[in-house]
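Some notes on the structure that comes next.
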Amino acid sequence: MEEIRDKCGVFGIYGVRNAGALTYLGLYALQHRGQESCGIISANNGGFHSRMGMGLVNEVFSSAEDINSLKGRSAIGHNRYSTTGSSSPENIQPLVMNYSRGYLAIGHNGNLTNYRQVKRELEKAGSILRTSSDTEVILHLLARSKKERIEQALAESLKKIVGAFSLVLLTPRQLVAARDPAGVRPLAIGQRRSSWVVASETCAFDIIGAKYVRDVEPGEIIVIDQRGLHSYPGMLKKSPHAFCIFELIYFSRPDSKIYGTNVDKVRRRLGRALAKEHPVEADIIISVPDSSNTAALGFSEESGIPYDIGLIRNHYVGRTFIRPEQKIRDLDVKIKFNIVKGVVKNKRVVVVDDSLVRGTTSKKLVKMLREAGAKEVHLRLSSPPIVSPCFYGIDMPTKSELIASHKSVEAIRRYLGADSIGYLSLNRMLEMPSLPKESFCHACFSGRYPIDISRRARLAL
Ligand code: SF4
């Protein structure tokens, strides 16, 4: 899979002595959702402690002191990859404000499609925004609300914004979570003894020994305080559900439960369905690790063709790989993947990948497989062609950079140099999770956007 970056993982915990340390572990488990920056805010005695920085969780929290300084019994954390707002330190989350009612911190996964309009209105009304992150407008809307209770102020603020948001908020005495009415991004609730946890994915519960309880429902606001968890459903505008199908195909970890369904199970079914829709005579199945492993297993189970490890991914490639002087062909792909020659030599190889974005990585992989002696290379994708960008929190290239937006499937096959290519159909893909098909957003595959996108975004299509 070529890199598409998700915007962010969020985590929050309430009612435990080492809340900061547990949040650090939660962010570790959610590292795949954002590698640009991360941060943790903990609440202690009416004030906040914070640590944040650019880099991976283990770079920002590099000593026991970094973690132990996050005192208090509640905390929120955030891993970021930017979609709105530049990659700079002032945009690191959680964002914090100190307003008339004290401290408030927020972490956001998603993207607000009417951000510019709300920002303009806030600025007209005198607000001074200090970041270029869409999340900051939520803080300013909250600061302007006259409502007494946090859930009322939040509902009033969130009614003014459009788009995708899974939020965690921290006050000195409460942990708050909210999910947009369409439920685009996931957000789960867990319990660890007497403490409550919320996280983008349930893999963050496993690492701290918490158990999954349920999802924050689309349009629901949750307030957790010393009296327990209080649910406020129906305070936001109603909307049909639009769960991001890409979370199940690629973004989320296979060991997570998303929208109440096991990611691993769905990926296996996607692979099986792909094998039925696009059968092929071949000797081995290999996957593009790691996100395609499970779909490749499903393909192998259905087709009876053995699965093997033909591609090895280097997990230690830093974000700032320095290119050496001499020119090595296809170095960007070679630094990330290597072919196990003994596995593919003289074989008819099926490569299962979860999706195709620009096609540049796949083209190089096909070439490397042929150079390694593969007799035939058949590409199978466990999702349909990506034809439109995402405006709901996933960092994708522009429409013109998406190969399937301007090339037919046969033209893509020729461009990649593969012997055959097969994409899973939209209909079959939507049948694989055990949820109604209408519950999902599939705009990047169909161009049908379930939530209003900005005028600027429409013009770019
Ligand atoms: S457009 Fe695609 S990536 Fe974006 S929310 Fe919808 S399904 Fe997910």
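The values are calculated or read from the model by the stated rules, or taken from the named source; none is laboratory data. Fair warning: this is a prediction, and the values are worked out from it, not measured in the lab. Cβ: placed from backbone, ideal geometry, glycine included. Neighbour counts: every protein chain shown.
Assorted remarks:
- Residue within the range 258-277 that is part of a loop (DSSP other than H, G, I, E, B) and over 29 Å from GLY342 (Cα atoms) present: yes
- Number of positions in the range 320-342 that are in a loop (DSSP other than H, G, I, E, B) and modelled with pLDDT of 70 or more: 4
- Qualifying residue in the range 8-19 (condition: among the charged types (D, E, K, R), closer than 19 Å to ILE150 by Cα and at pLDDT below 95): no
- In the set (1) crowded, with 19+ Cβ neighbours inside 10 Å; (2) assigned to a strand (DSSP E or B), GLN93 fails one condition alone, (2).
- Subset of the range 278-292 that is surrounded by fewer than 20 Cβ atoms within 10 Å (Cβ to Cβ) and modelled with pLDDT of 95 or more - its residue that is farthest from LYS341 (Cα to Cα): PRO279
A quick yes/no check of all residues on (1) crowded, with 22+ Cβ neighbours inside 10 Å; (2) away from the ligand (no atom under 16 Å from the Cβ); (3) closer than 26 Å to PHE440 by Cα; (4) charged (D, E, K, R):
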{"site": "PHE165", "(1), (2), (3), (4)": "yes, no, yes, no"}
{"site": "ARG173", "(1), (2), (3), (4)": "no, yes, no, yes"}
{"site": "ASP180", "(1), (2), (3), (4)": "yes, no, yes, yes"}
{"site": "TRP196", "(1), (2), (3), (4)": "yes, yes, no, no"}
{"site": "GLY209", "(1), (2), (3), (4)": "no, yes, no, no"}
{"site": "PHE246", "(1), (2), (3), (4)": "yes, no, yes, no"}
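- Any strands (runs of 3 or more DSSP E) falling wholly within the range 127-235 and containing at least 3 residues that are in the same structural domain as PRO89 (by TED's automatic domain parsing) and under 18 Å from the mean Cα position of the chain (by Cα): 163-170, 175-179
- Residue that is nearest to PRO389 (Cα to Cα) [pool: residues in the range 431-448 that are within 9 Å of the ligand (Cβ to nearest atom) and hydrophobic (A, V, I, L, M, F, W, C)]: CYS444
- Condition met for SER383 (surrounded by fewer than 23 Cβ atoms within 10 Å (Cβ to Cβ), touching a helix residue (DSSP H, G or I) at 6+ places or on another chain (Cβ under 8 Å) and of a type in the set (S, T, N, Q)): no
- Test for ARG267: is it of a type in the set (Lys, Arg) and within 18 Å of the chain's Cα centre (by Cα): yes
- Residue pairs meeting the criteria (Cβ under 7 Å; at least 6 apart or on separate chains; first crowded, with 24+ Cβ neighbours inside 10 Å, in the range 16-43; second basic (Lys, Arg) and in a loop (DSSP other than H, G, I, E, B)): ALA19/ARG73; GLY20/LYS71; GLY34/LYS7; SER42/LYS71
- Residues in the range 332-377 that are within 16 Å of the ligand (Cβ to nearest atom) and β-branched (Val, Ile, Thr): VAL357 alone.
- For LEU430: the one exception among (1) in contact (Cβ under 8 Å) with a residue 12 or more places away in the chain; (2) of a type outside the set (D, E, K, R); (3) farther than 24 Å from VAL184 by Cβ: (3)
- Residue match in the range 407-417 (condition: within 29 Å of ALA164 (Cβ to Cβ) and within 15 Å of the ligand (Cβ to nearest atom)): no
- Pairs where the first residue, in the range 173-193, is over 12 Å from ILE224 (Cβ atoms) and the second is of a type in the set (Val, Ile, Thr) and within 16 Å of the ligand (Cβ to nearest atom), C-beta under 7 Å, 6+ apart: ALA182/ILE451; PRO186/ILE258
- Yes/no for SER400 being at pLDDT below 95 and either closer than 23 Å to SER166 by Cα or touching an Asp or Glu at 6+ places or on another chain (Cβ under 6 Å) (or both): no
- The range 25-53, residues that are over 18 Å from the mean Cα position of the chain (by Cα) and either at pLDDT below 95 or among the hydroxyl-bearing types (Ser, Thr, Tyr) (or both): SER42, ASN44, ASN45, GLY46, GLY47, SER50
- The range 449-461: number of residues that are modelled with pLDDT of 95 or more and more than 10 Å from the ligand (Cβ to nearest atom): 0
- Test: residue in the range 181-203 that is over 30 Å from LYS124 (Cα atoms) and of a type in the set (Phe, Trp, Tyr): yes
- Any hit, the range 62-73, residues being in contact with a helix residue (DSSP H, G or I) (Cβ under 7 Å, 6 or more places away or on another chain), of a type in the set (Ser, Thr, Tyr) and free of Cβ contacts under 8 Å to residues at least 24 places away in the same chain: no
- Those residues of the range 113-126 which are free of Cβ contacts under 8 Å to residues at least 60 places away in the same chain, in a helix (DSSP H, G or I) and surrounded by fewer than 19 Cβ atoms within 10 Å (Cβ to Cβ), in sequence order: LYS119, ARG120, GLU121, GLU123, LYS124
- Among the residues making up the range 378-402, those that are closer than 24 Å to ALA275 by Cβ and within 16 Å of the ligand (Cβ to nearest atom) are LEU381, SER382, SER383, PRO384, PRO385, ILE386, VAL387.
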